[in-house]
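Here's the structure we're looking at; comments come further down.
Read-outs: derived from the displayed coordinates by stated rules, not from any lab. None of the values given here were measured: they were computed from a predicted structure. Cβ: placed from backbone, ideal geometry, glycine included. Neighbour counts: every protein chain shown.
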Amino acid sequence: MAVLTYTDECTSPIPPARAFKAWILDADNLIPKLMPEAFKSVEVLQGDGSAGTIKQINFAEGGPFKCVKHRVDEISKTEYKYCYTLVEGDVLVGKFEKICYEIQLVASPDGGTISKTIVRYYPLAGAVINEEEIKAGMEKAGGMFKVVDDYLVQNPTAYA
């Protein structure tokens, strides 16, 4: 089955350097604090955060998924780029071999950020893929960034 590719862009009032610190570099700590109803914890299973690091995201109880593991493929603090691959977990079971994410933050003309995301889904042979579910998942991810943005607006010295 062919790889399914989705792209998305969203804007933020937060400058790229500050957004990258919160959204990417400290997300393992910040996201579970801001969204405990969705995320229980993030554990680094192997590595130091650089390429090759393996992380396990544990979701809050009562949700549709228990956990997912992802591998950091690339991280650039100067280009504000983060690439990772979901390699294991219930979100993949029976549907996908892997899901690859590429996130690039660029400065917007107003001093904020444009987040450019490319997601590549690698379906298993014979898997039935519901594209509406994929779009809904991407919207949830966008909602997570909005929660972090709101926190940063309300806490102007955080991640400055």
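Pairwise inverse Cα distances across segment 1-107, averaged and inverted, put the Kirkwood hydrodynamic radius at 14.9 Å. Cross-linked pairs 66/98; 33/116; 21/116; 21/81: Cα-Cα separations exceed 19 Å for 33/116.
Helix 131-154 axis versus longest C-alpha principal axis of the chain: approximately 20°, rounded to the nearest ten.
Each label was represented as a point 7 Å from its Cα along the Cα-to-Cβ direction; for residue 44 and residue 10 these points are 2.5 nm apart.
Applying both filters, DSSP loop and at most 14 other Cβ atoms within 10 Å, to the trypsin sites (Lys or Arg not before Pro) of segment 1-92 gives 66, 77.
Overall, the chain carries a charge dipole of about 220 debye about its Cα centre when +1 sits on the Cβ of Lys and Arg and -1 on the Cβ of Asp and Glu, all other atoms neutral. Considering only 68, 121, 93, the residue lying farthest towards the positive end of the dipole of the chain is 68, judged by Cα position with unit charges set on Cβ. Considering helices alone, the calculated mean residue ellipticity of the chain at 222 nm is -7000 deg cm²/dmol, with DSSP H runs of length four and up weighted by -39500 (n - 2.57) and normalised per residue. Full extension of the chain between residue 37 and residue 107 yields a length gain of 22.1 nm, computed as 0.36 nm times the residue separation minus the alpha carbon distance. Bridgeable aspartates and glutamates around residue 77 (alpha carbons under 18 Å apart, same-chain partners fewer than 8 residues away excluded): 26, 28, 48, 102. For segment 19-35 and segment 94-160, what is the separation of their Cα centres, given in Å? For segment 19-35 versus segment 94-160, the Cα centre distance is 13 Å.
At full extension, residue 61 and residue 25 could sit 10.5 nm farther apart than now, given 0.36 nm per residue minus the alpha carbon distance.
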